[in-house]
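Below is one structure, written out as structure tokens, with a few remarks after it.
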Amino acid sequence: MPISVQAFRDECSAPLRLRLLAGERGMARGIAGRRVQEAGLAITGEVFPSREGCIQVLGETEVDYFRRQDPARQPEIAERFFAGSLPCAVVVGTIPAPGIFVEAAERASVPLFAADLPAAGFLEEAGRQLHRLSTETATVHGVLLEVNGVGVLLSGRSGIGKSECALDLVLRGHRFVADDVIHVDKVGPATLLGRGDELTSHHMEIRGLGIINIRDLFGATATTQMKKMELVIRIEEWDPSREYDRLGLDDGTFEILGVRLPSLLVPVSPGRNLATIVEVAVRNHLLKQLGIHSAREFVGRQARRAGESGPP
């Protein structure tokens, strides 16, 4: 979904040092995608920008080229440049924007900004800001780990044992991503990346111990900053009155930002080794991805045996 120039200005004026020079009537124009384009040959007025909907950046090279053109042609060049389907343009660096350019942008209702950043720095930071603005995000509670290469979210009520299970898994050589607050970024139609909060990065709360730093205790290889989320394991207290799936035929899902992730419900009771169950659940998940569904194969064998021993 396009980002309006107004939203871009509101969110990015400080990090990009943006100043509006002209074209305020065009703030509703849409910025498509996450890429920022150097104007390049478009400054000649002979070609239009190659990427429609991209922010056009005019560095010192483009501005200097424009200033060296015949003064009689400069208004025409400026008019042709702003006649293209661009959402906005930014003049970067220390050279001020030519007055003819400012006037043409105002007439075309194309927002024209100035930014006192070098072109390379502006392109990098603007790309980062557009990525942030165009990414759908959510916050979930739980513990995120990498178990056998799979991003696993442990969810459940506070005090159920998620952090203790995560600590046990780290001791077994798996990697910790985040505890408690998980920030989720949707980076594709079915791809979710989970990461921790900057303030609590590498930290985990263990009741009775307090806040511990996983990286300091177990080394840099015990943690990772971000992980693709692939499996959700929901933990709840064992309820004797509830009927739980005993065969594993039901493939549950857990939805985050419109993406359905495979999900398992694991009831906990005294004597159950939760970390081992998580490890086995991940191995079973990997087998399913290879087309091996143990529960269905077992039921199929039972059905075939019953058919073979039945009446003729």
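Just one of (1) closer than 22 Å to Asp197 by Cβ; (2) touching a Phe, Trp or Tyr at 6+ places or on another chain (Cβ under 6 Å); (3) not acidic (Asp, Glu) trips up Ala166, so point out which.
(2)
Given the criteria under 26 Å from Leu16 (Cβ atoms) and among the aliphatic types (A, V, I, L, M), does Val102 qualify?
yes
If only one of Asp10, Asp70 is open to solvent by 70 Å² or more (accessible area, probe 1.4 Å) and either polar (S, T, N, Q) or modelled with pLDDT of 90 or more (or both), which one is it?
The conditions single out Asp10.
Of the residues Asp180, Asp168, only one is more than 25 Å from Lys288 (Cβ to Cβ) and either open to solvent by less than 40 Å² (accessible area, probe 1.4 Å) or not hydrophobic (A, V, I, L, M, F, W, C) (or both); which?
Residue meeting the stated conditions: Asp180.
Would you mind listing the strands (runs of 3 or more DSSP E) fully within region 175-277 where at least 1 residues are touching a Gly at 6+ places or on another chain (Cβ under 7 Å) and β-branched (Val, Ile, Thr)?
175-188, 231-237, 259-268
Test Thr253 against the stated conditions and say whether it is among the hydroxyl-bearing types (Ser, Thr, Tyr) and more than 30 Å from Val187 (Cβ to Cβ).
no
Of the residues Val147, Val170, which single one is in contact (Cβ under 8 Å) with a residue 40 or more places away in the chain, in contact with a helix residue (DSSP H, G or I) (Cβ under 9 Å, 6 or more places away or on another chain) and within 24 Å of Arg260 (Cβ to Cβ)?
After applying the criteria, what remains is Val147.
Within region 126-143, count every residue that is crowded, with 21+ Cβ neighbours inside 10 Å and farther than 22 Å from Ser269 by Cα.
Residues in region 126-143 being crowded, with 21+ Cβ neighbours inside 10 Å and farther than 22 Å from Ser269 by Cα: 2 in total.
Residue check, Leu154 against (1) in contact with a helix residue (DSSP H, G or I) (Cβ under 8 Å, 6 or more places away or on another chain); (2) outside any helix (DSSP H, G or I); (3) over 19 Å from Glu255 (Cβ atoms), all met but one. Which one?
It fails just one condition, (3).
Quick one: in region 85-113, which of the residues that are of a type in the set (Gly, Ala, Ser) and open to solvent by less than 10 Å² (accessible area, probe 1.4 Å) is nearest to Cys12 (Cα to Cα)?
Ala89
Looking at His293, His203, which one is surrounded by 15 or more Cβ atoms within 10 Å (Cβ to Cβ), closer than 23 Å to Glu146 by Cα and at pLDDT below 85?
Going through His293, His203 in turn, just one is surrounded by 15 or more Cβ atoms within 10 Å (Cβ to Cβ), closer than 23 Å to Glu146 by Cα and at pLDDT below 85: His293.
Within the set of pairs 6+ apart or on separate chains, which have a first residue in region 63-87 that is more than 22 Å from Arg29 (Cβ to Cβ), a second that is part of a helix (DSSP H, G or I) and open to solvent by 80 Å² or more (accessible area, probe 1.4 Å), and C-beta atoms under 9 Å apart?
Once the first residue is more than 22 Å from Arg29 (Cβ to Cβ) and sits in region 63-87, its partners that are part of a helix (DSSP H, G or I) and open to solvent by 80 Å² or more (accessible area, probe 1.4 Å) give Gln74/Arg67; Pro75/Glu103.
For residues in region 30-56 being under 12 Å from Gly84 (Cβ atoms) and under 25 Å from the mean Cα position of the chain (by Cα), which is modelled with the highest pLDDT?
Only one residue tops the list, namely Gln56.
Starting from region 285-310, keep only residues that are assigned to a helix (DSSP H, G or I), then list their pairs with residues that are open to solvent by less than 100 Å² (accessible area, probe 1.4 Å) and modelled with pLDDT of 75 or more whose Cβ atoms are within a distance under 6 Å, requiring at least 6 positions of separation or different chains.
If the second residue must be open to solvent by less than 100 Å² (accessible area, probe 1.4 Å) and modelled with pLDDT of 75 or more, the pairs left are His285/Leu231.
The values are calculated or read from the model by the stated rules, or taken from the named source; none is laboratory data. Keep in mind it's a predicted model, so treat the numbers as computed, not measured. Using ideal geometry, Cβ is built from the backbone for each residue, glycine included, and neighbour counts are taken over all protein chains shown. Ligands, DNA and RNA are excluded from the accessible area calculation, which covers all protein heavy atoms including side chains. Shrake-Rupley method; radii C 1.70, N 1.55, O 1.52, S 1.80 Å.
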